[in-house]
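These notes are about the structure you will find just below.
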């Protein structure tokens with residue numbers, strides 16, 4: 001599957017925190033940065049996410065803000 | 001200013017493409033990845049963005065999807 | 001690729017409208033509904049979208065609102 | 001009320017899962033597809049959602065991604 | 001129509017800027033603040049927006065960030 | 001820090017509701033309106049949010065819908 005999101009960052013799952021409806025997934029991307037994602041718990045289970053698993057953090061360009069100091 | 005977005009990635013502006021309403025900004029973050037952002041042209045002008053400028057790509061955790069191969 | 005978005009609707013591209021930065025893509029999904037999407041023009045070109053092409057409309061659950069009459 | 005969202009899909013509530021802050025609502029739209037939505041629990045209560053209730057799934061065009069096989 | 005968005009702010013259209021795909025709409029809400037919205041041009045035309053028209057700015061709670069000084 | 005979001009509304013925290021993963025923060029902005037935000041609980045803790053604290057509600061223009069009666 002190819003997807004229209006401009007930002008597809010390869011990495012590994014670092015940490016998973018489950019709530020009743022949502023799950024917080026932290027991914028360490030190749031460059032070293034950590035990306036935090038909130039997905040539904042059902043999605044996390046369907047993707048069989050676990051620490052160390054290779055994943056992509058996918059972000060639509062219109063959802064990225066730019067800040068300056 | 002501190003912001004609630006979990007993802008605040010430091011980088012430099014690599015490329016700017018202007019449309020009449022929106023502007024596409026590509027940022028190379030410290031780890032080497034490129035992040036593409038769509039912001040309003042008015043915002044790009046207010047932030048005085050230009051190639052090479054130090055910026056942050058800011059992304060709310062609930063806007064990040066996770067994909068697996 | 002499997003993705004955490006809960007909503008992945010199969011369909012065909014019905015119409016494409018290009019702007020300088022963004023492209024509007026209308027997809028007719030199997031059930032008959034039309035789904036309109038705005039993606040970057042660069043993404044539309046990378047995916048080689050054209051009328052009639054089989055695609056998926058992908059929507060994160062936290063981006064869906066519910067309305068009642 | 002008329003709303004600027006390009007995607008307003010009529011359907012019926014199929015399933016509701018409550019968390020302490022958020023609620024997951026699954027809607028079966030006319031065409032047969034299921035759409036999953038995460039809204040605040042307070043919103044779900046204000047709309048008096050229950051299984052079988054007629055609702056609309058409302059999605060802004062800029063929140064829809066396109067994927068291809 | 002009632003909608004699950006927690007934030008529905010009444011106001012008047014102050015300014016409209018059209019691009020080929022998107023339109024930027026500025027709304028002055030009752031409290032005096034200005035809210036800027038990007039919607040598709042097709043939506044702006046369907047809603048027959050014009051300066052001075054009474055409208056609502058509608059924002060899902062999960063799309064609001066919090067910042068501190 | 002300056003940020004590309006077009007909507008940065010000054011106000012005070014009115015109410016905080018914690019879930020295991022997410023926190024709902026209600027802000028009363030200067031004009032009197034209440035804005036509800038869902039952020040991660042970790043973000044709420046990092047920002048040391050408490051009732052009465054001065055904050056900004058930050059909203060990207062592409063996340064604002066427009067509705068009419």
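All of the numbers you see were taken from the coordinates with simple rules; none came from a lab. Note that the coordinates shown come from a computational prediction; the quantities given were computed from them, not determined experimentally. Please note: Cβ atoms are built from the backbone with ideal geometry, for glycine as well, and neighbour counts cover all protein chains shown.
Which whole number gives the average count of other chain Cβ atoms within 10 Å of the Cβ atoms across peptide F:42-53?
That average works out to 3.
Using Cβ contacts closer than 10 Å as the measure, can you line up F:41, A:15 from fewest to most? Could you put the intermediate results ahead of the total?
Numbers: F:41 17, A:15 12.
Taking fewest neighbouring Cβ atoms as first place, the list is A:15, F:41.
Which residue in A is nearest the A/C rotation axis when you measure from the C-beta atom, and what is the distance in Å?
With distances in whole Å, chain A gives A:1, 2.
Sorted from shortest, what are the nm distances separating the label point of residue B:68 from equivalent points in the other copies, each placed 7 Å from Cα along Cα to C-beta?
Result for residue B:68, in nm, nearest copy first: 2.7, 3.7, 3.7, 4.3, 4.7.
By what distance, in whole Å, do the Cα atoms of chain D stretch along each of the three principal axes, largest value first?
For chain D, the Cα extents along the three principal axes come out at 35, 29, 22 Å.
Relative to the other copies, what are the label-point distances for residue B:50, with labels 7 Å from Cα along the C-beta vector, expressed in nm at one decimal and sorted shortest first?
4.3, 4.3, 4.4, 5.3, 6.4
If you put a point 7 Å past Cα along the Cβ direction, how far is that point for residue D:34 from the same point in each other copy, in nm, smallest first?
Output for residue D:34: 2.8, 3.4, 3.4, 3.9, 4.6 nm, nearest copy listed first.
What ranking of D:12, F:60 emerges when the number of other C-beta atoms within 10 Å of each C-beta is taken as an exposure proxy, fewest first? Walk me through the numbers on the way to the answer.
Values: D:12 14, F:60 30.
Placing the least packed residue first, the sequence is D:12, F:60.
Please work out the C-alpha center-to-center distance from chain C to chain A and express it in whole Å.
Distance between centres, Cα-based: 21 Å.
Quick check for you: which residues of segment D:1-45 have the amide N under 17 Å from the point 7 Å beyond the Cα of residue E:18 toward its beta carbon?
Taking a point 7 Å out along Cα→Cβ of residue E:18, no residue of segment D:1-45 has its backbone N under 17 Å.
Relative to the compact globular guide of 2.2 N^0.38 Å, what is the alpha carbon radius of gyration of the protein assembly as shown, as a ratio? Walk me through the intermediate numbers first.
Working: Rg = 19.4 Å, N = 414, 2.2 N^0.38 = 21.7 Å.
Its radius of gyration relative to the 2.2 N^0.38 Å reference: 0.90.
Based on DSSP H runs of at least 4 residues, each adding -39500 (n - 2.57), what is the mean residue ellipticity at 222 nm of the protein assembly as shown after dividing by all its residues, to the nearest 500 deg cm²/dmol? Kindly include the intermediate steps, with their values, before the conclusion.
Values: 6 runs with 36 residues, N = 414.
Mean residue ellipticity at 222 nm (helix-derived): -2000 deg cm²/dmol.
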